[in-house]
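Step one of this worksheet: look at the structure below.
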Amino acid sequence: MYIKEIKLQNFRNYREEKVSFNKNVNLFLGENAQGKTNLLEGIYLNVLGKSFKNVRDKDLIMFGKDFCRITTTHVSAGEDHTTEIVISRDGKKGIKADGVKLTRTSELLDRLFMIVFSPEDLKIVKEDPEKRRRFIDRELCQIKSGYLSDLNDYRHILKQRNAYLKGDRIDMDMLSIWDSQMDEYGNRIIEKRKSFIKKIDKISCEIHNKITGGKEVLELKYEPNEFNPALVSEDLRNRNTGHGPHRDDFRISANGVDLRKYGSQGQQRTAALSLKLSEKKIIEEEKGEKAILLLDDVLSELDNERQVYLMNSLGENQMFITTTDIVGKVARNLPEGKVIKIRGGEVTVEI
Ligand SMILES: Nc1ncnc2c1ncn2[C@@H]1O[C@H](COP(=O)(O)OP(=O)(O)O)[C@@H](O)[C@H]1O
Ligand SMILES: [Mg+2]
């Protein structure tokens, strides 16, 4: 499975561009702020239906334009498939797969599998729980059909309950209706996260052991935050829902030490890398297909040893890698592939 081509129209700083890709390695080379990450974002959008950045769809449209269109062609089992996404200023988004209009974004999810490695991802371990939840959620959305809608249902109920708690008059019977729904939808999420973390715990421990040359035993432990109706008085006081899977976390420890709080930067990054490589392994096992990998400025963040390890582990997948540096140490560790030069939203040279 690989992406053969992308066409961009009014997308971020790309006015009109067509780029064809190598089925193995594609290196996006350019100075800062030229459009390397934007191009990755366009690829990701057409695979997962939304940006990997926390932005509104309409932010993807070129400044001053009314709409953007992104069309990709990918090859699966020897056949070409197209995906087209059009976003308009009013926020409407139309998605077509092989020319057929989709009713839900989630229908896209089963066609291609994608993993992003970004400097943000290297912070999964050290930053706040929200980052770790997003990591789990993104993975589960790709491997468990129905998870995205469980998540949306839960968020919907949570939002309604919070709005109700902020209202003037609160009827306890009414609140208990939200509560039982919170409980039901929340538990669906917790069950799926529980089994996922158990799985990734095992796999990441093996990977981490290899990266650290046997020095560190990595352990992940789910810290679920079950919805608790007994705490309703607290919620009434705070006018907000204080418990439930929207507050979940998981503990990441090495040799028994909680890396979230006490890990060195190097340990935290290595653990994050182990998690990302585990994510890749799990997706590929579940789907029986290779994932497509996006690496946004990560290589320069890793030391030589970890760069080599990463490149060796990723070898056979289609990869899109951004870098500002082709002659320096990063390039020495890269496999052969196509070099795509990017400047000011234009692809200037393809080698
Ligand atoms: N909606 C948009 N319309 C036009 N330009 C945009 C839009 N969003 C971002 N940009 C421009 O894209 C550039 C950043 O591109 P990016 O891909 O992040 O750069 P890099 O090559 O460093 O990864 C900036 O110059 C920014 O102004
Ligand atoms: Mg960038």
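The values are calculated or read from the model by the stated rules, or taken from the named source; none is laboratory data. The model shown is predicted, which means the values in this text are computed figures rather than measured ones. Quick reminder, even Gly has a Cβ in these numbers, built from the backbone with ideal geometry, and neighbours come from all protein chains shown.
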- Task: With respect to Leu40, determine if the residue is within 16 Å of ligand 2 (Cβ to nearest atom), in a strand (DSSP E or B) and surrounded by 13 or more Cβ atoms within 10 Å (Cβ to Cβ).
- Result: no
- Query: Out of (1) more than 25 Å from Glu31 (Cα to Cα); (2) in the same structural domain as Leu39 (by TED's automatic domain parsing), the odd one out for Thr324 is which?
  - Reply: (1)
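Is it true that Val75 is without any contact (Cβ under 8 Å) to a residue 12 or more places away in the chain, surrounded by fewer than 20 Cβ atoms within 10 Å (Cβ to Cβ) and either in contact with a Gly (Cβ under 8 Å, 6 or more places away or on another chain) or assigned by TED's automatic domain parsing to the domain that holds Thr324 (or both)?
Values: without any contact (Cβ under 8 Å) to a residue 12 or more places away in the chain: no; surrounded by fewer than 20 Cβ atoms within 10 Å (Cβ to Cβ): yes; either in contact with a Gly (Cβ under 8 Å, 6 or more places away or on another chain) or assigned by TED's automatic domain parsing to the domain that holds Thr324 (or both): yes.
The answer is no for Val75.
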- Could you pull out every one of the helices (runs of 4 or more DSSP H) wholly within the stretch 179-290 that has 2 or more residues that are of a type in the set (Asp, Glu)? 232-238, 265-287
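Inspect the stretch 149-170 for any residue being in contact (Cβ under 8 Å) with a residue 24 or more places away in the chain, part of a helix (DSSP H, G or I) and among the β-branched types (Val, Ile, Thr) and give the result as yes or no.
Quick first cut of the stretch 149-170, residues in contact (Cβ under 8 Å) with a residue 24 or more places away in the chain only: 149-151, 153-155, 157-158, 161-162, 165-166, 170.
From the residues that got through so far, the ones that are part of a helix (DSSP H, G or I) too are 149-151, 153-155, 157-158, 161-162, 165.
Filter once more, keeping what is among the β-branched types (Val, Ile, Thr): 157.
Yes: the stretch 149-170 contains one or more residues that are in contact (Cβ under 8 Å) with a residue 24 or more places away in the chain, part of a helix (DSSP H, G or I) and among the β-branched types (Val, Ile, Thr).
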- Task: Answer yes if at least one residue in the stretch 276-296 is charged (D, E, K, R), touching a Phe, Trp or Tyr at 6+ places or on another chain (Cβ under 9 Å) and within 16 Å of ligand 2 (Cβ to nearest atom), and no otherwise.
- Result: yes
- Item | Subset of the stretch 22-37 [within 13 Å of ligand 1 (Cβ to nearest atom) and part of a loop (DSSP other than H, G, I, E, B)] | Gly30, Glu31, Asn32, Ala33, Gln34, Gly35
- Item | Search result, residues across the stretch 43-66 that are within 16 Å of ligand 2 (Cβ to nearest atom) and closer than 17 Å to Ala291 by Cα | Ile43, Tyr44, Leu45, Phe52
